[in-house]
1. For residue 355, project a label point 7 Å along Cα to C-beta. Then give me every residue of segment 377-415 with its amide nitrogen under 11 Å of that point.
2. Modelling each spin label as a point 7 Å along the Cα-to-Cβ direction, I'd like the residue 363/residue 249 distance in nm, to one decimal.
3. Ranking request for peptides 218-227, 119-128: highest mean number of other beta-carbon atoms within 10 Å first, then the rest in descending order.
4. For segment 89-139, what does the relative contact order come out to in percent, with C-alpha contacts under 8 Å and a separation of six or more?
5. Report, in cubic angstrom per residue, the convex hull volume of the C-alpha atoms of segment 148-193.
6. Considering Cα pairs under 8 angstrom that are at least six residues apart, work out the relative contact order of segment 113-223 and quote it in whole percent.
7. Compute from the Cα atoms of the chain the Rg and the Dmax, the latter being the longest Cα-Cα distance, and quote both in angstrom.
8. What FRET efficiency, computed as 1/(1 + (r/R0)^6) with R0 = 22 Å and r the Cβ-Cβ distance, is obtained for residue 307 and residue 269, rounded to the nearest 0.05?
C-alpha cells in the first residue's frame, strides 16, 4: 500500500464525515492523518505498519491507523465503503462549489435528488433551486457563478500545496536507479500562485522512454500516457505529473523548456534563431547543424549574449530584453525581510498571545513585529473596542521594555467602511504606529462604488498600507469589482503602501498588478496576515510572489528597519496634524 492512496482514502473519509455533519474534530483528525501519511512518501507502507513504526508518528491515531491497516490487509477500507453507501458518487464534487455549504448540499440532494454538478446547474437554471426554502433567485445565481468557478479552477492547487507535492514527487523520481539528476520545472518552478500540474525533468541512463514508462507502473497511479521520454501521470488523488526523461546532455535545455512559460520559450527560441542557432527538440544546433554543448541554463542564455533570468521572471514580460541588457533586477529574498506588519493576536481572531507571536518572529530572525488586530467594526473577528486598544498598547509597552534588539509596533487593521472612512475616529487612529486599511464587507458593491470607497480611504493621511487590495480568495472567491489601475495610481500619489498579502489563499495584489505598481513607483508591504505563530511563515510564499513581480528590497516596506517603517507611516499623518 502506497502513502498517496492511503492519504486519498483518509481525505475522502474526512469529506464524507463533513457531509454527514459528523463531529468536526473527527473529520479534522482524518484530514490531518491524510497530510501526515502523505508526508511519509513511501510506495510501501506495509513494513512500516507491521513494524509498528506508523504508531510512532504524531497525527495518526487508532482510528486512522485502523483504516490504513484495513487497506494493507484487504486492499480497501470497510469504513469508507460504509460511509459511501448513503452518498451517491458525485455529491462530494459539489463541495467544490464556492458558497455551497454542507447543509445546502444535503438539502439539494434530499429535496431535488441532485448528485452531480451538471444536475445542480440544471436545477439552478430551470428554477427548481430558487424555489427551495432558504435559496431564492439570488442564491441560485450565485450557485451558477460558483459552478463556473469550480470548473475553471477544478484541478488547480495553491502554490504551497503544489510546492509540497512537487517536493514529494521529485524525491520519488530521484530515487529511481536510472535517474542521474532531476529538478522541478513548469509553473511550480516559476512560482505561479495557482498550479495545475507538477513538471519534473530528469536526466537518465539508458532509454528515456522506458524510464519514463516505468513511473506509470508504480502504486497510486490512476492513468498514464507516454510519448517517448514524456509521461503524463494522474494519481488516484487527482495529482498530475508531467515527467520528462532525457539524456544527460539534453538536460539543461529540457529543464529550461519545461520551465516555460510558452511566451518566454518562444522569445528565447526566436533570439537563438536570429544568431543562427536552432532548437531541435532539447538540443541546440549551430548554423551547420552541429550540436552545441549546453551544460546549464546560463550557458544557453550566453549563446544570445544574455544573463540568465531567474525562473520566477520567465513570463515573457520583458525579462529577455533586461537579460540581454544585463539589467535584470536584484530580486528580494526572504533574508531581506526585517520584520512584518500584518499580524493578529488573541486580542481579535488570532490564536496566540502577542508574546508568543514575538517569540516566533524572533526565531525567524526578524527585528520587529507589528501587531495589527481587527478594528471594532469587524465584529465577525472580535474587533478591538477602544478599551481593548488601551490594554493592548499597555501590554506592548510592557513587553517592549523587556526586549533587547527587537521591537513590537502598535498597528491596526482598520475596516474601510462603506462610506470610505476608516474605522475609529481620528483620535483613536492617531494612537497607532501605523494603520492597515482593508475591505471586509459589502463585496458586491458596484465597480464605481467600490472604487470610490477605496479611493476615499486612500485620502486619509493616517492610512499607511492598503490591505489585500482586491479581496480575492484564490480558488474560492473572485476579486470584488474595482478599478485597480485607479487604486494603484492613487496609492502611489498619496504615498500609501500596497499590500502583497502573503496568505497563500490570497496573494493579493496579484503579481502582475504588483509588477505594474512597482513600475509606477509604489511601495509594497509583504504581509503574512498571520493568525498564529506558524502562519508568520507565509512570508516565504509572499517573497516568492514578490520575486515574480520583479520586486527588489528597495520596493518592499518591511525590508526596511522599524525606524524607517515608522518614518514612512508618520510622514503622512504628521502632515495631517500640521
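All of the numbers you see were taken from the coordinates with simple rules; none came from a lab. Small disclaimer: the values here were computed from a predicted structure and weren't measured. A quick note on method: Cβ atoms are made from the backbone with ideal geometry, for glycine too, and the neighbour counts reach across all protein chains shown.
1. It comes to 399, nothing else.
2. Once both label points are built, they end up 5.1 nm from each other.
3. Numbers: 218-227: 14.6, 119-128: 17.1.
Final packing ranking: 119-128, 218-227.
4. Numbers: 34 pairs, mean separation 14.3, N = 51.
This gives 28 percent for segment 89-139.
5. Details: hull volume 3.6 nm³, N = 46.
For segment 148-193, the hull spanned by Cα atoms encloses 79 Å³ per residue.
6. Numbers: 102 pairs, mean separation 20.6, N = 111.
Computed over segment 113-223, the figure is 19 percent.
7. Using the Cα atoms of the chain, the pair Rg, Dmax is 26.3, 80 Å.
8. The value I calculate is 0.80.
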